[in-house]
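Only one structure is covered here, and it is reproduced in the block below.
Just so it is clear, none of the values below were taken in a lab; they were calculated from the coordinates. All figures in this text were calculated on a predicted structure; none of them were measured in a lab. In this analysis, Cβ positions are derived from the backbone assuming ideal geometry, glycine residues included, and neighbour counts consider all displayed protein chains.
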Amino acid sequence: MIAQFVLSSLLAAFLLYAWTEYRRAPLVAVLTVFAATAGIYFVWVPEHSTQLAELVGIGRGVDLILYIWVCISLIVLLNLHLKLRTQMELITTLARKAAIADAPSAHSADGRADQASRRLHLSSRRRA
């Protein structure tokens with residue numbers, strides 16, 4: 001009985017989080033609400049998870065929930081990896097552009113032509 005209250009409290013916290021994050025990521029919020037609601041239901045009525053597991057050909061409800069959890073975790077991990085990879089590519093692109101913008105020009109001996117070309121380049125970027 002204590003475990004049911006603890007698990008229900010944790011899942012209720014996920015419901016609260018999903019509700020507060022709905023504006024930023026509606027799809028994630030809806031999926032979180034669905035998973036947390038199903039989790040609360042199966043915490044309080046575990047017999048139904050066993051019946052559902054037998055219906056899909058798995059022996060116990062706990063095994064079904066564990067398999068689903070592993071699949072969801074792998075999907076989240078893949079999603080995070082792809083987002084991190086995209087962010088790293090963006091940082092690399094920005095670092096390259098900053099390095100090119102700060103590089104001294106090869107044709108200017110005293111740097112005045114380089115400063116003028118940099119100002120021209122920055123003003124054209126602002127217009128675009």
**OP:** Sort Ile100, Ile65 so that the residue with the fewest other Cβ atoms within 10 Å of its own Cβ comes first and the one with the most comes last.
**Re:** Ile100, Ile65
**OP:** At 7 Å along the Cα-to-beta-carbon direction for both Glu21 and Leu52, put a label point, then send me their distance in nm to one decimal.
**Re:** 2.1
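Using the number of other C-beta atoms within 10 angstrom as an exposure proxy, rank Met88, Met1 with the fewest first.
With the fewest neighbours first, Met88, Met1 line up as Met1, Met88.
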Original post:
Which FRET efficiency value, to the nearest 0.05, is calculated for Leu66 and Arg96 with the Förster distance at 41 angstrom and r the Cβ-Cβ distance?
Top reply: 0.35
Subject >> Cα gyration tensor shape for segment 11-55, rounded if a/c is under 1.5, else prolate or oblate >> reply: oblate
Original post:
Which parts of segment 44-75 would a label at Gln4 reach, counting a residue when its backbone N lies under 16 Å from a point 7 Å out along Cα-to-Cβ?
Top reply: 44-50
